[in-house]
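Report on one structure; see the data block that follows.
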Amino acid sequence: MSRLGNFFIHRASHENGKVTFEIGVDTHAPTLVNAFSETLDDIDHLTINYSAASIVLQSTDRSELTVREFMLVDEPSYYAHVTHEDDTLAITAGERPARDNLNIRIELEIPTTYHGRLEISSVSGPIEISNLHDLKSLAITSTSGAISLDDIETSNLSIDSITGTIKGRGLIAEDYTINAMSGNVSLMNTRGNYSVRCSAGSLRLDDAHGHGRFEVTSGTAKLCFAEVDGNVSAESSAGSVRLQVPRELEYGFNLETSIGSLKTPDNAHYSNNERNYQTGAIGAPSDLVISMMTVVGSLALETR
(Lines give C-alpha, C1' and ligand atoms only; values in the text may rest on other atoms or scores of the structure.)
Protein backbone atom coordinates (compact mmCIF):
# COMPACT_ATOMS: atom_id res chain seq x y z
CA MET A 1 0.00 0.00 0.00
CA SER A 2 1.30 3.42 -0.92
CA ARG A 3 0.30 6.59 0.91
CA LEU A 4 0.16 10.27 0.09
CA GLY A 5 -0.84 12.23 3.17
CA ASN A 6 -4.37 11.11 4.11
CA PHE A 7 -4.84 9.32 0.78
CA PHE A 8 -3.89 5.68 0.23
CA ILE A 9 -3.74 3.31 -2.76
CA HIS A 10 -3.93 -0.43 -2.07
CA ARG A 11 -2.94 -2.83 -4.88
CA ALA A 12 -4.20 -6.42 -4.75
CA SER A 13 -3.39 -9.37 -7.08
CA HIS A 14 -5.92 -12.15 -7.49
CA GLU A 15 -5.60 -15.83 -8.51
CA ASN A 16 -7.38 -15.18 -11.80
CA GLY A 17 -4.61 -12.75 -12.74
CA LYS A 18 -6.63 -9.63 -12.19
CA VAL A 19 -5.16 -6.69 -10.32
CA THR A 20 -7.42 -4.34 -8.38
CA PHE A 21 -6.74 -1.01 -6.74
CA GLU A 22 -8.46 0.48 -3.72
CA ILE A 23 -8.24 4.23 -3.30
CA GLY A 24 -9.44 5.88 -0.12
CA VAL A 25 -8.96 8.48 2.55
CA ASP A 26 -7.58 7.83 6.01
CA THR A 27 -9.87 9.81 8.29
CA HIS A 28 -7.93 9.12 11.48
CA ALA A 29 -7.29 12.23 13.53
CA PRO A 30 -3.68 13.27 14.09
CA THR A 31 -2.11 12.11 17.35
CA LEU A 32 0.24 13.82 19.77
CA VAL A 33 3.81 13.25 18.59
CA ASN A 34 5.79 15.97 20.35
CA ALA A 35 5.42 18.14 23.45
CA PHE A 36 7.74 20.49 25.29
CA SER A 37 7.76 23.48 27.62
CA GLU A 38 9.75 26.70 27.62
CA THR A 39 10.20 29.38 30.23
CA LEU A 40 9.27 32.90 29.20
CA ASP A 41 11.32 34.59 31.92
CA ASP A 42 13.15 37.56 30.38
CA ILE A 43 11.26 37.01 27.09
CA ASP A 44 9.53 40.07 25.62
CA HIS A 45 9.02 38.83 22.05
CA LEU A 46 7.46 35.45 21.25
CA THR A 47 7.35 34.48 17.57
CA ILE A 48 5.63 31.50 15.99
CA ASN A 49 6.45 30.68 12.38
CA TYR A 50 4.48 27.61 11.45
CA SER A 51 3.19 26.48 8.06
CA ALA A 52 0.79 23.91 6.62
CA ALA A 53 -0.93 23.39 9.95
CA SER A 54 -3.71 24.44 12.28
CA ILE A 55 -2.46 26.80 14.98
CA VAL A 56 -4.29 27.05 18.31
CA LEU A 57 -3.25 29.44 21.09
CA GLN A 58 -4.81 29.96 24.49
CA SER A 59 -3.82 31.03 27.98
CA THR A 60 -2.72 28.89 30.90
CA ASP A 61 -2.19 29.48 34.60
CA ARG A 62 1.02 27.47 34.44
CA SER A 63 4.28 29.40 34.57
CA GLU A 64 5.77 28.00 31.34
CA LEU A 65 4.86 28.01 27.68
CA THR A 66 3.56 24.59 26.66
CA VAL A 67 3.70 23.37 23.05
CA ARG A 68 2.05 20.25 21.63
CA GLU A 69 2.30 18.99 18.06
CA PHE A 70 -0.18 16.59 16.50
CA MET A 71 0.51 14.75 13.22
CA LEU A 72 -0.52 11.67 11.27
CA VAL A 73 3.13 10.63 11.01
CA ASP A 74 5.62 10.66 13.88
CA GLU A 75 8.73 11.99 12.16
CA PRO A 76 11.19 13.94 14.38
CA SER A 77 12.43 16.05 11.46
CA TYR A 78 8.93 17.52 11.22
CA TYR A 79 9.00 18.72 14.84
CA ALA A 80 9.19 22.42 15.64
CA HIS A 81 12.49 23.79 16.86
CA VAL A 82 13.15 26.60 19.32
CA THR A 83 15.72 29.39 19.22
CA HIS A 84 16.60 32.02 21.81
CA GLU A 85 18.16 35.35 20.94
CA ASP A 86 18.30 38.19 23.45
CA ASP A 87 14.70 38.74 24.63
CA THR A 88 13.17 36.79 21.71
CA LEU A 89 11.98 33.20 21.71
CA ALA A 90 11.13 31.76 18.28
CA ILE A 91 9.20 28.58 17.52
CA THR A 92 9.63 27.48 13.91
CA ALA A 93 8.09 24.57 12.04
CA GLY A 94 10.26 21.63 11.11
CA GLU A 95 10.62 20.12 7.67
CA ARG A 96 7.58 19.85 5.45
CA PRO A 97 7.67 17.11 2.79
CA ALA A 98 6.49 18.16 -0.64
CA ARG A 99 3.03 17.07 -1.75
CA ASP A 100 2.09 15.60 1.58
CA ASN A 101 -0.76 16.34 3.96
CA LEU A 102 0.20 15.45 7.50
CA ASN A 103 -2.90 17.08 9.01
CA ILE A 104 -0.67 18.90 11.49
CA ARG A 105 -1.97 20.86 14.46
CA ILE A 106 0.10 22.80 16.96
CA GLU A 107 -1.35 23.87 20.30
CA LEU A 108 0.34 26.50 22.43
CA GLU A 109 -0.60 27.47 25.97
CA ILE A 110 0.78 30.87 26.93
CA PRO A 111 1.13 31.84 30.60
CA THR A 112 -1.20 34.57 31.81
CA THR A 113 1.90 36.26 33.23
CA TYR A 114 3.29 36.91 29.73
CA HIS A 115 2.66 40.52 28.67
CA GLY A 116 5.14 40.98 25.85
CA ARG A 117 4.83 40.92 22.07
CA LEU A 118 3.31 37.96 20.24
CA GLU A 119 3.91 37.41 16.53
CA ILE A 120 2.39 34.61 14.44
CA SER A 121 3.20 33.80 10.82
CA SER A 122 1.49 31.07 8.80
CA VAL A 123 1.60 30.09 5.13
CA SER A 124 -1.51 27.92 5.19
CA GLY A 125 -3.95 26.69 7.79
CA PRO A 126 -6.42 28.16 10.28
CA ILE A 127 -5.36 30.21 13.30
CA GLU A 128 -7.38 30.25 16.53
CA ILE A 129 -6.43 32.49 19.46
CA SER A 130 -8.39 32.94 22.69
CA ASN A 131 -8.16 34.29 26.23
CA LEU A 132 -4.95 36.30 25.97
CA HIS A 133 -4.79 39.54 27.93
CA ASP A 134 -2.47 42.50 28.54
CA LEU A 135 -0.18 41.89 25.57
CA LYS A 136 2.03 44.66 24.24
CA SER A 137 1.15 43.65 20.70
CA LEU A 138 -0.35 40.83 18.69
CA ALA A 139 0.70 40.56 15.03
CA ILE A 140 -0.69 37.90 12.68
CA THR A 141 0.42 37.24 9.11
CA SER A 142 -1.40 34.59 7.10
CA THR A 143 -1.16 33.63 3.44
CA SER A 144 -4.14 31.27 3.41
CA GLY A 145 -6.48 30.24 6.18
CA ALA A 146 -9.23 31.45 8.48
CA ILE A 147 -8.32 33.57 11.51
CA SER A 148 -10.44 33.47 14.66
CA LEU A 149 -9.85 35.64 17.75
CA ASP A 150 -11.85 35.52 20.99
CA ASP A 151 -11.37 37.46 24.24
CA ILE A 152 -8.12 39.25 23.39
CA GLU A 153 -6.68 42.36 25.04
CA THR A 154 -3.58 44.00 23.59
CA SER A 155 -2.17 47.46 23.03
CA ASN A 156 -1.78 46.89 19.29
CA LEU A 157 -3.45 44.33 17.06
CA SER A 158 -2.35 43.86 13.46
CA ILE A 159 -3.58 41.27 10.97
CA ASP A 160 -2.38 40.79 7.40
CA SER A 161 -4.30 38.13 5.50
CA ILE A 162 -4.14 37.29 1.81
CA THR A 163 -6.91 34.68 1.63
CA GLY A 164 -9.28 33.68 4.41
CA THR A 165 -11.97 34.97 6.71
CA ILE A 166 -11.21 37.02 9.82
CA LYS A 167 -13.50 36.77 12.84
CA GLY A 168 -13.05 38.53 16.16
CA ARG A 169 -15.16 38.63 19.31
CA GLY A 170 -14.52 40.40 22.59
CA LEU A 171 -11.42 42.26 21.43
CA ILE A 172 -9.86 45.27 23.16
CA ALA A 173 -6.96 47.13 21.56
CA GLU A 174 -5.72 50.69 21.53
CA ASP A 175 -5.07 50.36 17.79
CA TYR A 176 -6.24 47.88 15.16
CA THR A 177 -4.57 47.49 11.77
CA ILE A 178 -6.34 44.88 9.67
CA ASN A 179 -5.61 44.25 6.00
CA ALA A 180 -7.61 41.51 4.26
CA MET A 181 -6.89 40.89 0.59
CA SER A 182 -9.61 38.31 -0.03
CA GLY A 183 -12.11 37.23 2.58
CA ASN A 184 -14.83 38.54 4.84
CA VAL A 185 -14.04 40.39 8.06
CA SER A 186 -16.42 40.18 11.02
CA LEU A 187 -15.81 41.85 14.40
CA MET A 188 -18.24 41.68 17.32
CA ASN A 189 -18.07 43.47 20.67
CA THR A 190 -14.73 45.15 20.04
CA ARG A 191 -13.17 48.35 21.34
CA GLY A 192 -10.42 50.66 20.06
CA ASN A 193 -9.12 52.78 17.21
CA TYR A 194 -9.73 50.91 13.95
CA SER A 195 -7.90 50.89 10.64
CA VAL A 196 -9.53 48.15 8.57
CA ARG A 197 -9.09 47.52 4.86
CA CYS A 198 -10.81 44.78 2.81
CA SER A 199 -9.83 44.44 -0.82
CA ALA A 200 -12.35 41.75 -1.80
CA GLY A 201 -14.94 40.73 0.74
CA SER A 202 -17.55 42.10 3.09
CA LEU A 203 -16.90 43.95 6.35
CA ARG A 204 -19.19 43.66 9.35
CA LEU A 205 -18.81 45.39 12.71
CA ASP A 206 -21.30 44.71 15.52
CA ASP A 207 -21.48 46.32 18.96
CA ALA A 208 -18.31 48.33 18.33
CA HIS A 209 -16.83 50.94 20.66
CA GLY A 210 -14.37 53.55 19.43
CA HIS A 211 -13.59 55.24 16.13
CA GLY A 212 -11.53 54.75 13.01
CA ARG A 213 -11.24 54.31 9.27
CA PHE A 214 -12.81 51.52 7.22
CA GLU A 215 -12.14 50.81 3.54
CA VAL A 216 -13.70 48.22 1.25
CA THR A 217 -12.56 47.95 -2.35
CA SER A 218 -15.15 45.48 -3.61
CA GLY A 219 -17.85 44.44 -1.17
CA THR A 220 -20.36 45.72 1.33
CA ALA A 221 -19.76 47.20 4.77
CA LYS A 222 -22.14 47.18 7.72
CA LEU A 223 -20.81 49.01 10.77
CA CYS A 224 -22.81 49.13 13.99
CA PHE A 225 -21.39 51.25 16.83
CA ALA A 226 -22.61 51.06 20.41
CA GLU A 227 -20.27 53.96 21.29
CA VAL A 228 -18.41 56.50 19.15
CA ASP A 229 -15.56 58.48 20.73
CA GLY A 230 -13.91 59.97 17.64
CA ASN A 231 -14.16 60.50 13.90
CA VAL A 232 -15.41 57.65 11.73
CA SER A 233 -14.65 57.25 8.02
CA ALA A 234 -16.17 54.51 5.84
CA GLU A 235 -15.39 54.11 2.14
CA SER A 236 -16.17 51.62 -0.61
CA SER A 237 -15.15 51.62 -4.25
CA ALA A 238 -17.93 49.27 -5.31
CA GLY A 239 -20.53 48.32 -2.73
CA SER A 240 -23.00 49.71 -0.25
CA VAL A 241 -22.07 51.04 3.19
CA ARG A 242 -24.41 51.07 6.18
CA LEU A 243 -23.33 52.80 9.38
CA GLN A 244 -25.31 52.82 12.63
CA VAL A 245 -24.46 55.10 15.57
CA PRO A 246 -26.08 55.78 18.97
CA ARG A 247 -29.23 57.89 18.79
CA GLU A 248 -27.95 60.43 21.32
CA LEU A 249 -24.69 61.07 19.46
CA GLU A 250 -24.07 64.61 18.14
CA TYR A 251 -21.84 64.94 15.08
CA GLY A 252 -21.24 66.45 11.70
CA PHE A 253 -21.53 64.31 8.59
CA ASN A 254 -20.64 64.21 4.92
CA LEU A 255 -21.84 61.59 2.47
CA GLU A 256 -20.87 61.26 -1.17
CA THR A 257 -21.55 58.75 -3.95
CA SER A 258 -21.05 58.87 -7.69
CA ILE A 259 -23.71 56.28 -8.50
CA GLY A 260 -26.15 55.33 -5.76
CA SER A 261 -28.51 56.63 -3.10
CA LEU A 262 -27.90 58.48 0.19
CA LYS A 263 -29.80 58.09 3.44
CA THR A 264 -29.42 60.14 6.63
CA PRO A 265 -31.39 60.31 9.92
CA ASP A 266 -34.71 62.15 9.91
CA ASN A 267 -33.42 64.81 12.33
CA ALA A 268 -30.48 65.82 10.12
CA HIS A 269 -29.76 69.51 9.49
CA TYR A 270 -28.25 70.00 6.02
CA SER A 271 -25.72 72.48 4.78
CA ASN A 272 -25.74 70.64 1.43
CA ASN A 273 -28.55 68.34 0.36
CA GLU A 274 -27.89 67.17 -3.15
CA ARG A 275 -28.69 63.86 -4.77
CA ASN A 276 -25.14 62.51 -4.59
CA TYR A 277 -23.63 64.76 -1.91
CA GLN A 278 -24.90 65.64 1.56
CA THR A 279 -23.30 67.48 4.47
CA GLY A 280 -24.78 68.61 7.74
CA ALA A 281 -25.08 67.83 11.42
CA ILE A 282 -27.04 65.86 13.96
CA GLY A 283 -27.71 67.71 17.20
CA ALA A 284 -25.57 70.57 18.50
CA PRO A 285 -22.32 71.61 16.76
CA SER A 286 -19.57 69.05 17.38
CA ASP A 287 -15.97 68.40 16.38
CA LEU A 288 -16.86 64.76 15.76
CA VAL A 289 -17.30 64.00 12.05
CA ILE A 290 -18.67 60.96 10.24
CA SER A 291 -17.60 60.61 6.61
CA MET A 292 -18.98 58.09 4.13
CA MET A 293 -18.06 57.69 0.48
CA THR A 294 -18.61 55.20 -2.31
CA VAL A 295 -18.08 55.30 -6.05
CA VAL A 296 -20.81 52.80 -6.92
CA GLY A 297 -23.30 51.88 -4.22
CA SER A 298 -25.68 53.26 -1.63
CA LEU A 299 -24.81 54.93 1.68
CA ALA A 300 -26.99 54.74 4.78
CA LEU A 301 -26.27 56.65 8.00
CA GLU A 302 -28.68 55.49 10.70
CA THR A 303 -29.31 55.70 14.44
CA ARG A 304 -29.76 52.67 16.66
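The values are calculated or read from the model by the stated rules, or taken from the named source; none is laboratory data. Only a predicted model underlies this, so the values are computations on that prediction, with no experimental measurement involved. Every residue, glycine among them, receives a Cβ derived from its backbone with ideal geometry; neighbour counts consider all protein chains shown.
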Open item on the list: Quick check on my filter: what residues within segment 75-110 are among the hydroxyl-bearing types (Ser, Thr, Tyr) and either under 22 Å from the mean Cα position of the chain (by Cα) or surrounded by 16 or more Cβ atoms within 10 Å (Cβ to Cβ) (or both)?
Closed with: Tyr78, Tyr79, Thr92
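If I ask for residues that are assigned to a loop (DSSP other than H, G, I, E, B) and within 17 Å of Gln244 (Cα to Cα), which ones from segment 276-296 would you list?
From segment 276-296, those assigned to a loop (DSSP other than H, G, I, E, B) are 276, 283-288; that's our starting set.
Those that are assigned to a loop (DSSP other than H, G, I, E, B) and within 17 Å of Gln244 (Cα to Cα): Gly283, Leu288.
Matching residues to (1) of a type outside the set (Gly, Ala, Ser); (2) at pLDDT 95 or above; (3) in contact with a Lys or Arg (Cβ under 7 Å, 6 or more places away or on another chain); (4) crowded, with 22+ Cβ neighbours inside 10 Å:
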| residue | (1), (2), (3), (4) |
| --- | --- |
| Gly170 | no, yes, no, no |
| Ala173 | no, yes, no, yes |
| Tyr176 | yes, yes, no, yes |
| Ser182 | no, yes, no, no |
| Ser186 | no, yes, yes, no |
| Thr190 | yes, yes, no, yes |
| Ala208 | no, yes, no, yes |
| Val216 | yes, yes, no, yes |
| Lys222 | yes, yes, yes, no |
Open item on the list: Just checking, does segment 247-259 include any residue being over 26 Å from Asn156 (Cα atoms), among the charged types (D, E, K, R), in contact (Cβ under 8 Å) with a residue 60 or more places away in the chain and not in a strand (DSSP E or B)?
Closed with: no
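Say we look at segment 149-161 and pick out the residues that are under 11 Å from the mean Cα position of the chain (by Cα) and surrounded by fewer than 18 Cβ atoms within 10 Å (Cβ to Cβ); which of these is nearest to Gly219 (Cα to Cα)? Quick ask: steps written out before the conclusion?
Start the filter on segment 149-161 by keeping residues that are under 11 Å from the mean Cα position of the chain (by Cα), which leaves 149-150, 157-161.
Now narrow it down to the ones that are surrounded by fewer than 18 Cβ atoms within 10 Å (Cβ to Cβ): 150, 160.
Values: Asp150: 25, Asp160: 18 Å.
For segment 149-161, the residue satisfying everything is Asp160.
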TODO: Keeping to segment 263-304, report how many residues are in contact with an Asp or Glu (Cβ under 8 Å, 6 or more places away or on another chain) and of a type in the set (D, E, K, R).
DONE: 1
Task: Number of the exception - Ser148 against (1) touching an Asp or Glu at 6+ places or on another chain (Cβ under 9 Å); (2) at positive phi - done: (2)
Task: Residue check for Asp207: on the phi < 0 side of the Ramachandran plot and charged (D, E, K, R) - done: no
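Does Ala35 satisfy being among the small types (Gly, Ala, Ser) and in contact (Cβ under 8 Å) with a residue 40 or more places away in the chain? Steps first, please.
Values: among the small types (Gly, Ala, Ser): yes; in contact (Cβ under 8 Å) with a residue 40 or more places away in the chain: no.
So Ala35 fails the test.
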TODO: State which residue is surrounded by the most Cβ atoms within 10 Å (Cβ to Cβ) when the search covers only segment 247-265 and only residues that are among the hydrophobic types (A, V, I, L, M, F, W, C) and more than 15 Å from Gly230 (Cα to Cα).
DONE: Leu255
